[in-house]
Every structure is written in C-alpha cells, then in structure tokens.
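The values are calculated or read from the model by the stated rules, or taken from the named source; none is laboratory data. This one's a predicted model, so the numbers in the text were calculated from it and none came from an experiment. Here the Cβ positions follow ideal geometry from the backbone for every residue, glycine too, while neighbour counts run over all protein chains shown. These accessible areas exclude ligands, DNA and RNA; they are computed on the full protein's heavy atoms, side chains included. Shrake-Rupley method; radii C 1.70, N 1.55, O 1.52, S 1.80 Å.
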Amino acid sequence: MKLHEYEAKKIFKEYGIPVPESFLINKGDDLNSINVDKEVVLKAQVLVGGRGKVGGILFASNKEEFIKKANELFNKEVKGEKVEKILVEEKLPIEKEYYVSIIIDRDAKKPLIIFSTKGGVDIEEVAEREPEKIIKYHIDIKKPFLPYIARWIVKDAKLPSNEIGKVADVIYKLYKIFKDLDATMVEINPLVITKDGNVYAADAVLHLDDDAAFRHNYEMFEEYKNKEKLPFAYVELDGDVAVIGNGAGLTLASMDIINNLGRKPACFLDIGGGADTETVKLALKKVLENKNVKGIFINILGGITRCDEVAKGIIEVLKEHPNIKFAVRMMGTNEEIGKKILEEHGIPYETSMEEAGKKLIEMLS
C-alpha cells in the first residue's frame, strides 16, 4: 500500500524527521481565503513517481501565482491520476541534495539501506554512471540498529563533519519507521541540506505491507480507505487473458500456461477455498471491468470449493457476456453436477488445464 506524500510526512514528523512547513488543500477549496505570503511549492498528491518531470510540482512566489498554479494542478492529470489534493510547502533554500531509502532486498532477505550524495535524480542513473556515489548497507534484523551504524554509513559517503550527525539521525529514524510500520519501502529524495545547514526531508515515499494490516490502523490512510474490499486476491496485469483459479499456486500455474502458449495474463485472481456462487460471479465481473480482456481462463480444483457452485456463477455472468471467449477446467467436489450445469448451457469444459488453455488460445487466434 502506497501512502501519499502528505501522509508519509506526517509520520516522518511524528518520528522526529524534519519536514518543511506545509498545509494541504483540496479540490473545491476557496483558494482566495488562504494566506500565502512567501515562496511555496505546490505538489500534486498522486501515487506515481516522477511527477516533477511531468508538471506535477509547481512553484509560486505570491498569492496570485499560488491561486493560478493550484487551479492549473487541479485541472490536470499526472500520469493518468486526477489531482484531488495538493501539498503546499515552504520553498527551502537548498544547498545540497542527498538520497536515502530503505527497501527489502529479497535476494539477501534483509532490509537494505541505500544512501547517495547525488539526490534529486533517478537513483538508477546514478548507480549506472557513478556507482561510487552509492553506499549500501544490509541490516541484520536479529541485532539492534543503533545510531552509530547510521553514522558509519554517512562517514563512508564522506559527508562533511557538520552534516554527519544530522543525516545519520534521519537514517536511524527512517529505519525505525520502516520496522515499526512494517514498511516495504521508505525513501527521501531529496534529503536536503539548506544554506543555513539544516536537514529536511523534501520528499517522502512510504509503502506499507498490506498483509500487516491486522497490526496497524490502516483506516487512517487514503488508499486503504478507498481500496475496493474484495473477497479474493486480485492483481491486474497488462495482458489480455484473465486468469481465475482457486489457490495461489494453481492460479500461478495457470498464468504460466497462458504465458507458455504465447499470450499474456490480464490478471491474477485467486477466489480461494470454499468460494460460492456469489464469489465466482463477483470475480468474473471484476475481470470483465478490464477492457483489455479478450478471454478468460477458469481453472478450479475443487476441494472445499464445490464445482456446482462455480458452474452456477459462471453461467449467470457469461450469459450477460456471450461474446467473451473462455475456457473452463474443473475437477473435484461435485464435479459431475457442475459438468451437467455447464453442458445444459452449452459450455464446454476440460479436466486438463493444459487442454483448457490450448482451447482458449485457439479461440482467440
């Protein structure tokens, strides 16, 4: 789950990481009633990266410019996202820009701190062109991450002595956020040093692990509140064949079959164990919301999931979409009843998922 910048900065501030003075405005607010008496930065609150490169961050030096730039942002889309909120911040007198992030290194199975003296640009470009500018440190989660470790990292980057303590303190607190909130990524780009020697998180990225929701109050965050509550696991992809299975392993295997047959999955949808007719109907309607979908591969191995319940759900939805191509593979509990229901409505099905996949691809060719 991604947090908006203003949400991430609120957390940063609670943990003692300095952030610029700011306020939030919403689309429809009376901009004339807002007092702006200094240079400000207007930042579209959208969950995409690189917004500065596409006009999602604007500057204003007085109230008249502020109103003009705010209206400009509210009337545009940033990488496909409509701007509903803008974070208005004081413009910092920036002297230097650094980069710091903490991610999960899945190969090493450890959190990884990345620090660079080249901030404000794509870290991938720095890694390619100036790898010596990047410091990486894997954290041993079995041991405490103490402040002196953060200072080591900063010293390795050869920062001036008057900056070491301030920057190290930010890194230390950033890891505390990462650990306390079950984050999958925290990033500050840029972490700035101002002309008067102070350090600020000029930007803030914070991604949280959805699976840790039971440990936290995620209801306070926009994306979680607005997230569609579905009774199954669903991930939209960029292909044109929707894949529905029951069980993560079976669904992934089904996606592999579609890939091996030369098509790309449009989604991963696992209806789980024990799915009833209503769940199957909801799953089919969900994948059909994606206008790229040209075919549906339904692969069910019934245990606690009953094949007759699945068949009823398929019949009800596909009657409304007679032109969609689909293939059904079902085996298991109440298989014969499910087969009869499908046959009565002229819907063929297979007991081999390979054959079902091939049949679907042939229909789409």
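Starting from the Cα of GLU132, step 7 Å toward the Cβ, then list every residue of segment 153-168 with an amide N under 16 Å from that point. Counting backbone N atoms under 16 Å from the label point, the list is 156-159. The residues ARG51, ARG306, sorted by heavy-atom accessible surface at 1.4 Å with ligands and nucleic acids left out, run ARG306, ARG51 from largest to smallest.
Net charge dipole, segment 92-173: roughly 480 debye, given to the nearest 20, about the Cα centre with Cβ charges of +1 for Lys and Arg and -1 for Asp and Glu.
For segment 123-177, what is the accessible area per residue in Å², given a 1.4 Å probe and the full set of protein chains? Display every interim value, and only then the final one.
Numbers: 3540 Å² over 55 residues.
Solvent-accessible surface per residue comes out at 64 Å².
Of the Cα atoms belonging to the chain, the radius of gyration and Dmax stand at 25.7, 79 Å. Kindly express, to the nearest 10 degrees and within the range 0 to 90, the angle between helix 307-318's C-alpha long axis and the longest C-alpha principal axis of the chain. Result, in degrees: 80. Let a ≥ b ≥ c be the square roots of the eigenvalues of the Cα gyration tensor of segment 228-295; is it rounded (a/c under 1.5), or, if not, prolate (a/b larger than b/c) or oblate? Because a/c hits 1.5 or more and a/b fails to exceed b/c, segment 228-295 counts as oblate.
What's the magnitude of the charge dipole for the chain around its Cα centre, counting Lys and Arg as +1 and Asp and Glu as -1 at the beta-carbon? Answer in Debye, nearest 20. Result for the chain is approximately 520 debye, rounded to the nearest 20. Taking every alpha-carbon pair under 8 Å whose residues sit at least 6 apart, segment 111-257 reaches a relative contact order of 14 percent. Note the angle between two axes, namely the Cα long axis of helix 353-364 and the longest principal axis of the Cα atoms of the chain, as a number of degrees from 0 to 90, rounded to the nearest 10. Tilt of helix 353-364: around 80 degrees. The residues of segment 256-322 present an accessible area of 43 Å² per residue when probed at 1.4 Å with all protein chains retained. Between GLU39 and LYS225, the distance separating the two model label sites (each 7 Å from Cα on the Cα→Cβ line) works out to 3.4 nm. Out of LEU191, LEU282, LEU112, any idea which swings most in a Gaussian network model of the chain, alpha carbons joined below 10 Å? Its mean-square fluctuation being the largest, the pick is LEU282.
Our summary gives the chain a relative contact order of 13 percent, counting only alpha carbon pairs under 8 angstrom and 6 or more residues apart. Using a probe of 1.4 Å, the accessible surface attributed to LYS195 totals some 140 Å² when neighbouring protein chains are kept in position.
For the chain, the longest principal axis of the C-alpha atoms and the axis of helix 248-260 are separated by about 80°. Using heavy atoms of the protein chains and a probe of 1.4 Å, the accessible area assigned to GLU124 is about 130 Å². Its alpha carbons considered, segment 257-365 gives a radius of gyration followed by a Dmax of 12.8, 35 Å.
Just need the relative contact order of segment 115-197 here, percent rounded to a whole number, with Cα pairs under 8 Å and 6+ apart. Before the final figure, lay out each step's value.
On the way: 55 pairs, mean separation 24.1, N = 83.
With pairs under 8 Å counted, the relative contact order is 29 percent.
Split the accessible area of the chain by element, probe 1.4 Å, and carbon with sulfur accounts for 49%. Rounded, prolate or oblate, given the Cα gyration tensor of segment 324-365, with a/c below 1.5 counting as rounded? Oblate shape, in that a/c is at least 1.5 and b/c is the bigger or equal ratio. Over the residues of the chain, the helix contribution to mean residue ellipticity at 222 nm works out to -10500 deg cm²/dmol, using -39500 (n - 2.57) for each DSSP H run of at least 4.
Amide H contacts under 5 Å for VAL78: VAL83, restricted to partners 5 or more places along the chain or on a different chain, H placed in the peptide plane at 1.01 Å from N.
Using a probe radius of 1.4 Å on heavy atoms only, what accessible surface per residue do you get for segment 1-44? Whole Å² is fine.
Details: 2260 Å² over 44 residues.
In whole numbers, segment 1-44 has 51 Å² accessible per residue.
Quick check: net charge around ILE164, other residues with Cβ under 9 Å of its Cβ, Lys/Arg +1 and Asp/Glu -1? Taking every Cβ under 9 Å from that of ILE164, the sum is +2.
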